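Every number in this text was worked out from the coordinates using simple rules, so none of it is lab data. Please read all numbers here as calculations on a predicted model, not as lab measurements. Quick reminder, even Gly has a Cβ in these numbers, built from the backbone with ideal geometry, and neighbours come from all protein chains shown.
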Amino acid sequence: MIGLLQRVSEASVRVDGETVGAIGPGLMVLVCAEKGDTEREAEALLAKLLTYRVFSDDAGKMNRSITDTGGGLLLVPQFTLAADTKSGTRPSFSPAAAPEDGRRLFDHVVRQARERHGIVETGKFGADMKVSLVNDGPVTFWLQVDPVSMVLAQR
């Protein structure tokens with residue numbers, strides 16, 4: 001699973017001219033499932049992004065998580081994060097999970113996030129979305145949970 005996490009002052013997603021998700025200060029996370037990902041990787045990614053310390057404490061250090069701040073969480077599905085760009089000038093999306101698996105894992109992340117965090121908004125899986133955000137900092141992090149690393153962590 002991949003999460004491209006951005007600390008934002010505000011963010012929103014529109015589909016067909018209608019806002020389907022919007023937050024104030026918090027995190028906007030582009031979420032992608034890769035082949036071989038399961039609910040275990042989805043939950044590990046969510047746990048990491050909920051506790052990832054990207055917000056400033058009183059001393060100005062990045063020591064607070066979205067859980068600590070209670071800010072908004074906007075989850076947006078984006079399979080293109082799995083693109084293989086190593087060769088040529090056109091990306092290959094073969095590393096991405098099949099659409100039905102991607103939808104299932106994205107929905108799982110959303111359900112789990114809503115159980116664990118107060119403000120959760122989403123984009124719409126499979127839709128042509130228009131995403132707007134004000135990146136605060138800018139602060140952007142790439143989080144990735146590999147099925148292989150999950151197996152090794154259990155040993």
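Lys and Arg at +1, Asp and Glu at -1: add these up for the other residues within a Cβ distance under 15 Å of residue 141 and post the number.
Cβ neighbours under 15 Å give a net charge of +3.
With label points built 7 Å along Cα→Cβ from the Cα atoms of residue 19 and residue 114, find their separation and express it in nm.
2.0
How much length is gained on full extension from residue 140 to residue 58, taking 0.36 nm per residue of separation minus their Cα-Cα distance?
Values: separation 82, 0.36 × 82 = 29.52 nm, distance 2.08 nm.
Full-extension gain reported as 27.4 nm.
Where Lys and Arg each count +1 and Asp and Glu each count -1, what net charge lies around residue 51 among other residues with Cβ under 12 Å from its Cβ?
+3
Report the convex hull volume per residue for the chain, counting only C-alpha atoms, in Å³.
Details: hull volume 20.1 nm³, N = 155.
So the per-residue hull volume is 129 Å³.
Between residue 40 and residue 131, what is the label-point separation in nm under the 7 Å Cα-to-beta-carbon projection?
So the two model labels end up 2.8 nm from each other.
What is the dipole size for the chain, taken about its Cα centre, with +1 at each Lys and Arg Cβ and -1 at each Asp and Glu Cβ, in debye to the nearest 20?
About 240 debye.
Output the relative contact order of the chain, whole-number percent, from Cα pairs under 8 angstrom with separation of 6+ residues.
37
Express as a percent, rounded to the nearest 5, the fraction of DSSP beta bridges in the chain (both residues included) that run antiparallel.
Percentage antiparallel, nearest 5: 75.
For a quick size check, give me the Cα extents of the range 28-75 along its three principal axes, largest first, whole Å.
The principal-axis extents, from largest down, are 41, 16, 13 Å.
Residue 74's amide H: which non-local residues (gap 5+, or another chain) put their own amide H closer than 5 Å, with H modeled 1.01 Å from N in plane and none for Pro or chain starts?
Amide H to amide H, under 5 Å and 5 or more residues apart or across chains, residue 74 pairs with 27, 28, 29, 121.
Within a Cβ distance under 14 Å of residue 123, other residues only, what is the Lys/Arg minus Asp/Glu net charge?
-1
Per the helix-only calculation at 222 nm, which mean residue ellipticity applies to the chain, given -39500 (n - 2.57) for every DSSP H run of n ≥ 4 and division by its residues, nearest 500 deg cm²/dmol?
Value at 222 nm, helices only, nearest 500: -8500 deg cm²/dmol.
Would you calculate the separation in nanometres between label points at residue 107 and residue 89, each defined as 7 Å from the Cα along the Cα-to-beta-carbon direction?
Result: 4.0 nm between the two label points.
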